[in-house]
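These notes concern the structure reproduced below.
The values are calculated or read from the model by the stated rules, or taken from the named source; none is laboratory data. Here the structure is a predicted model, which means the values were calculated and not measured. Note that we place each Cβ from the backbone using ideal geometry, even for glycine, and neighbour counts take in every protein chain shown. All accessible areas refer to the heavy atoms of the entire protein, side chains included, with ligands and DNA or RNA removed. Shrake-Rupley method; radii C 1.70, N 1.55, O 1.52, S 1.80 Å.
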Amino acid sequence: MDKLNYSETVLLPKTAFPMKADLAKREPQLLEKWKKIDIYKKMLEKNKGSQSFILHDGPPYANGHIHIGTALNKILKDTVVKFKSLQGFFSPFVPGWDCHGMPIEHQVFQQMKLKDKNAVDIISFRKKAHDYAMKFMAIQREEFKRLGVFGDWEHPYLTLNPVYEKTIVESFGKLFTSGYIIQRYKPIHWCWHCQTALAEAELEYWDETSPSVYVKFPVKKFSAGRVPDHSFFLIWTTTPWTLPANVAIAVHPELEYCIIKTDAGHFILATTLVDTVCEKLNWKSERIATFKGKDLEHTIYSHPFVERDSPVVLAHYVSAEEGTGCVHTATGHGEEDYQTGLKYHLPVISPVDERGRFTEEVPEWKGMLVFEADPFIVDSLSKRHIILHSENYRHSYPHCWRCKKPVIFRATKQWFLKIDHQNLRELLQSEIQKTTWIPEEGQSRISSMVALRPDWCLSRQRLWGVALPVFYCEKCGTAICNKETISKISSLVEKFGSDVWFEKSVEELLPENFTCPNCSQAGPFIKEKDILDVWFDSGVSHLAVLKNDPQLKWPAELYLEGSDQHRGWFQTSLITSCAIEKHAPFKTVLTHGFVVDAEGRKMSKSLGNVITPEQIINQYGADILRLWAVSENYQQDMRISQKIIDHLVIVYRTLRNTMRFILGNISDYDVQFQVQESELLEVDRWAIARLNQLVNDVTGYYEACLFHKGVNEIFDFCNIDMSSFYLDYLKDRLYTHGKNSCTRRAAQQVLYQILSSLVVMLAPVLSFTCEEAYSFIPFKKQESVFLEHWPEAKAPDNNLLERWLKFFEFRKLVLKQIEQQRAQGKIGSSLEAAIFVKANPQHREFLESFQPYLTNLLMIAEIHLENGNELEVKAEKTDLPKCARCWIHHKTVGLSKQHPQLCEKCLQVVNDK
RNA sequence: GGGCGCAUAGCUCAAGGGCAGAGCACUGUGCUGAUAACGCAGGGGUUCGUGGUUCGAAUCCACGUGCGCCCA
């Protein structure tokens, strides 16, 4: 036999599992398979009756295509759900969408080319908004499916579903009847031209010239000692028309104030601003006394032209750069002013009607548009020496996006959820304490937000949402919302959807023969025009979804969202849950960071650094995107760039190739041919021990949601333990030992076990690849890897692992010596090496204990152990002849006349055939 | 401006007071029976900056810079 023919007697790896992944092409085929066998349902059936693990999906907004952040979020969720499911938990995943709200309203407005919100036909508008939301829900659903995310995609929860809307109405009713809901005035952006409320997104800012005035307010009762008679606070404002609504003067608690003596009287203002102000007002001043801002608190002053006394209050937003350091505060005309007002229980005064004109509360300028009144106000007050100086001032000012007119802040009646009713804030805090936050910082973050958050403003003056289910008695003005009315409305909403509020008359919406609970009149009644904040919609998802679906349960084990949801969904869900159920809706909350580019900057069109999931999927495959999602530490910001993707492709190839190599070598594996554990070589038992260690580590990391650590461990195992050592070493046994020899079968058995564990542990991440690889495993038990069981975490043999660590240290020395010889051109393959070792008796004995396999383990020709003091390793080229079949240099080569090129091992194998 | 974070090799991550460590990438090289694969070796660091505590700091503290999320 010549050399070539011996090659034919060697058992080389054989598998149809391709080396080239071709994921963009193959993944859709696997999606088809999953659809055909209904894998999601089968996974649930497998675990039916087991303990359940519920991850409650936070609903993305049904607008536009998914972006890399939404993809990251769903992939992480899917990884958790698949892991729990493989572990045997009953883990249904019901995806959801947030369907109401302003972004959709905007889009539809633009599509309809509407100019005036008040002229729109609400019913047909809402129909269009509904269709718009459904369209993008369907688009996003396909995009999520393409990522390989498993879930009940045919029955998602949508906040516009009538059954969902019913829960919204009922939840509001429960809150109302238990006293959490109140109505109070609050300033909002208002367009006096369009006569409509405006959201922040509907404002356009550009420069505007306003009158800037200095106004004096006489001190009535000074809190920080005594002041001379005829002392005044000096304030500065660019909106003179808000002066009638002044209810306080705000000063900064830490800033220094002084009282100055001038020809015009005594004035109190911030010390740092005295010079600028005096220059402007042409004053010569003398400083009499100084105070800290906080000492001025509770000073009482009189309004200069309205019959009213008001207090001095403290606020941190007071600037020491501009004005006088004394800030005119009109709670009805500014957000900051309003917040300060809440703190000091100031009245909210807003004597301006919806057309932007003064009401009769301001008789002097009654009926005038506030901006047109400005010059008259300045003129009149200047004459009365109340305004001491005025000039033009250019600053950025908000304008209506539709009519481009400058907007005003105007107080209107709004509905609120009271955060301090029935100690709700304390309950929120104690439930936050009881919840597990991953990462831990989440707890202090949400806790500090809850500590300071104001009442939740629930009303919106918009069209696309669920109407606030409140009626008003026209006779006595009472706002009506009780069990009776809620029960009627919720059953109508369940039947007809929330459109019913706009379609039906007030009589049809109220129970029959309804009378006002306050004045007992039988009407007439009016329905509320405002709708609920969309955050309320998603905030009750735990009630609408977890409580209404029998396979789910409340509270959920896990909420998993981006860190922005500390203010958003986590908080809104917690508030509704604690107010209604007195308990948090989640046990654990996990947050991830935001996706940024290679430099750590956020993705934006203007920076041109946007990477879409679609790009990655089409070019590399969803598994690469999934690998990215779990390879980095999601607790920080997640970087993505072409370089990072390239790196992941290489990582992926290594994992895929490891699977492929093992598949190739177990193609003729037969479960019937079981090798007893005692018949395994020590190195095989080491491999099993390492596998057990890996399973333990990975299970622990996954359970702690530290996926990147788990995946890193798997990668190191495949790379360091398998590829570099064990698999390389096993080639001789697998290729050249007898087909049914114990040594070869033992190797196959270990490899089978390793691969079986690997595909399951990687399946939550590389779902497509593992499903594909699983289908090539002989004697597999299930039709999908996702119906497998999580590998059992057996305790690894730590003594054995430690012993082998010492062996690997020695191996490293040997490899280094061989490399030196190779560099000198003396040795090519390590199989040509003869190794000479001097070692102390103890170490020598240690090495002897690996015999007779030491040369095989090191993949060398010969090894000679001698006693010595220091450990010394030398490599030389062997003189032994090379076996033509197994390529090992061995002294037995040439002993056979029939096969002079073979060693005794190969001789026997060839003869046995 | 405020709150909560983050910053270690070109990249992704470790080390949480005691010699800064893996994998990938890179460079060199071997093999040609994992072959658009696999093996071996090597170079690569002001641990963002400044100051402090300490015998000793990537690690603890303060200030700053840059970046992200939330709020104003």
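Based solely on its DSSP helices, what 222 nm [θ] is calculated for chain A when runs of n ≥ 4 H residues each add -39,500 (n - 2.57) and the sum is averaged over all residues, nearest 500 deg cm²/dmol?
Values: 29 runs with 356 residues, N = 913.
Mean residue ellipticity, 222 nm, calculated: -12000 deg cm²/dmol.
The stretch between A:GLU703 and A:SER396, if pulled fully straight at 0.36 nm per residue, gains 105.3 nm over its current Cα-Cα span. In order along segment A:397-404, the phi-based Karplus estimate (6.51 cos²θ - 1.76 cosθ + 1.60, θ = phi - 60°) of 3J(HN,Hα) comes to 9, x, 10, 5, 6, 8, 9, 6 Hz; Gly and Pro are listed as x. Any chance you could give the angle, 0 to 90 degrees and rounded to 10, that helix A:742-762 forms with the longest Cα principal axis of chain A? In chain A, helix A:742-762 runs at an angle near 10 degrees to the longest axis. Summing Cβ point charges (Lys, Arg +1; Asp, Glu -1) relative to the Cα centre of segment A:210-402 gives a dipole of roughly 300 debye. The amide H of A:HIS583, built 1.01 Å from its N in the peptide plane, has A:CYS578 as neighbours under 5 Å, considering only residues 5 or more places off or on other chains. Rounded to the nearest 20, the size of the Cβ-charge dipole of chain A about its Cα centre is 1480 debye, with Lys and Arg at +1 and Asp and Glu at -1.
Between A:ARG567 and A:GLN195, the modelled labels are 3.4 nm apart [label points 7 Å from Cα along Cα→Cβ].
Which FRET efficiency value, to the nearest 0.05, is calculated for A:LEU114 and A:CYS403 with the Förster distance at 22 angstrom and r the Cβ-Cβ distance? Taking R0 as 22 Å, the efficiency between A:LEU114 and A:CYS403 is 0.95. Can you give me the Cα centroid spacing of segment A:303-352 and segment A:737-773 in angstrom? The distance from the Cα centre of segment A:303-352 to that of segment A:737-773 comes to 73 Å.
Sorting A:256-269, A:457-470 by their mean Cβ neighbour count within 10 Å, with the most densely packed peptide first, gives A:457-470, A:256-269.
Let me check against my output: what whole-number percent is the relative contact order of chain A, with C-alpha pairs under 8 Å and at least 6 apart? Walk me through the numbers on the way to the answer.
Details: 1611 pairs, mean separation 130.8, N = 913.
Once normalised by length, the contact order is 14 percent.
Packing order of peptides A:642-654, A:492-504, highest average first: A:492-504, A:642-654 (average count of other Cβ atoms within 10 Å over each peptide's residues). The simple Förster model, with R0 at 41 Å and r as the Cβ-Cβ distance, assigns A:ASP309 and A:LYS504 a FRET efficiency of 0.25.
Model label points for A:HIS155 and A:LYS280, set 7 angstrom from Cα along the Cα-to-Cβ axis, are 6.7 nm apart.
Among rounded, prolate and oblate, which fits segment A:210-402 when a ≥ b ≥ c are the square roots of the eigenvalues of its C-alpha gyration tensor, a/c under 1.5 means rounded, and a/b larger than b/c means prolate?
Prolate.
All Cα-Cα distances of chain A, cut into 10 Å bins from zero to the largest, leave 2, 10, 15, 16, 15, 12, 9, 7, 6, 4, 2, 1, 0 percent in each bin in turn.
Sorting A:TYR853, A:TYR620 by accessible area (1.4 Å probe), largest first, what list results? Each step should come with its number before you reach the end.
On the way: A:TYR853 95, A:TYR620 50 Å².
Largest accessible area first, the residues go A:TYR853, A:TYR620.
Considering only chain A, what is the antiparallel percent among its DSSP beta bridges, to the nearest 5? Mind dumping the intermediate values first?
Values: 73 of 102 bridges.
Restricted to chain A, the bridges split so that about 70 percent are antiparallel.
Run the numbers on segment A:210-402 and let me know its relative contact order in percent, using alpha-carbon pairs under 8 Å that are six or more apart.
Details: 400 pairs, mean separation 55.2, N = 193.
So the answer I get is 29 percent.
Name the residue farthest towards the positive end of the dipole of chain A from the options A:ALA479, A:PHE217, A:PRO852, assuming +1 on Cβ of Lys and Arg, -1 on Cβ of Asp and Glu, about the Cα centre. Of the listed residues, the answer is A:PRO852. In segment A:663-714, taking the dipole from charged Cβ atoms about the Cα centre, the farthest positive-side position among A:VAL683, A:ASN665, A:PHE707 is held by A:PHE707. Ordering A:TRP415, A:ALA823, A:CYS191 by Cα displacement along the dipole of chain A toward the positive end leaves A:ALA823 in first place; charges were set at the Cβ atoms of Lys, Arg (+1) and Asp, Glu (-1). Close amide-amide hydrogen proximity is noted between A:LYS292 and A:TYR257, each under 5 Å apart and 5 or more residues distant or on a separate chain (H modeled in the peptide plane; Pro and chain starts excluded). Relative contact order (percent) for segment A:665-822, with alpha-carbon contacts under 8 angstrom and 6 or more residues of separation? Relative contact order for segment A:665-822 comes out at 33 percent.
Spacing of the modelled spin labels on A:GLU484 and A:HIS106, each 7 Å from Cα toward Cβ, amounts to 4.3 nm. A straight chain from A:THR271 to A:ARG811 at 0.36 nm per residue would run longer than the Cα-Cα distance by 186.7 nm.
Rounded if a/c is under 1.5, else prolate if a/b beats b/c, else oblate: with a ≥ b ≥ c from the C-alpha gyration tensor eigenvalues square-rooted, which is segment A:652-756?
Values: a/c = 2.24, a/b = 1.74, b/c = 1.29.
It is prolate, given that a/c is not under 1.5 and a/b is the larger ratio.
Computed extension length for A:LYS294-A:GLN433: 46.6 nm, one decimal, from 0.36 nm per residue of separation with the Cα-Cα distance subtracted.
Computed 3J(HN,Hα) for segment A:229-241, one whole-Hz value per residue from the Karplus formula 6.51 cos²θ - 1.76 cosθ + 1.60 where θ = phi - 60°, is 4, 6, 9, 9, 7, 10, 10, 9, 8, 9, 10, x, 5, glycine and proline marked x.
This model, with +1 at the C-beta of Lys and Arg and -1 at the C-beta of Asp and Glu, gives segment A:186-241 a dipole about its Cα centre of some 680 debye. Computed from the C-beta positions of A:SER606 and A:ALA320 and an R0 of 41 Å, the FRET efficiency is 0.75 to the nearest 0.05.
Put A:SER741, A:SER573 in order of accessible area, largest first, 1.4 Å probe: what do you get?
Working: A:SER741 30, A:SER573 0 Å².
Ranking A:SER741, A:SER573 by accessible area, largest first, yields A:SER741, A:SER573.
Karplus-derived 3J(HN,Hα) values for segment A:639-645, using 6.51 cos²θ - 1.76 cosθ + 1.60 with θ = phi - 60°, are 8, 9, 7, 4, 4, 5, 5 Hz; glycine and proline are entered as x.
Do any GluC sites (Glu not before Pro) in segment A:1-56 lie in a loop, going by DSSP, with at most 10 other beta-carbon atoms within 10 Å of their beta carbon, and if so which?
Loop-located and lightly packed - none at all.
At a 1.4 Å probe, what is the % contribution of carbon and sulfur to the accessible area of chain A?
On the way: 20240 of 40380 Å².
Here it works out to 50 percent.
In this view, the solvent-accessible surface of A:HIS155, computed with a 1.4 Å probe and all protein chains in place, comes to about 120 Å².
Count the net charge of all other residues whose Cβ sits under 14 Å from the Cβ of A:HIS737, scoring Lys and Arg as +1 and Asp and Glu as -1.
Working: positive: A:LYS731, A:ARG733, A:LYS739, A:ARG744, A:ARG745, A:ARG885, A:LYS905, A:LYS913; negative: A:ASP668, A:GLU679, A:ASP684, A:ASP732, A:GLU904, A:ASP912.
Within the 14 Å Cβ shell, the charges total +2.
Which angle from 0 to 90°, rounded to the nearest 10, does the C-alpha axis of helix A:727-736 make with the longest principal axis of chain A? It works out to around 40 degrees.
Surface analysis of chain A yields an accessible area of 44 Å² per residue, using protein heavy atoms and a 1.4 Å probe. In this structure the amide hydrogen of A:SER231, modeled in the peptide plane, comes within under 5 Å of the amide hydrogens of A:VAL219, none closer than 5 places in sequence on its chain. Relative to the dominant Cα principal axis of chain A, helix A:441-452 is inclined by about 10°.
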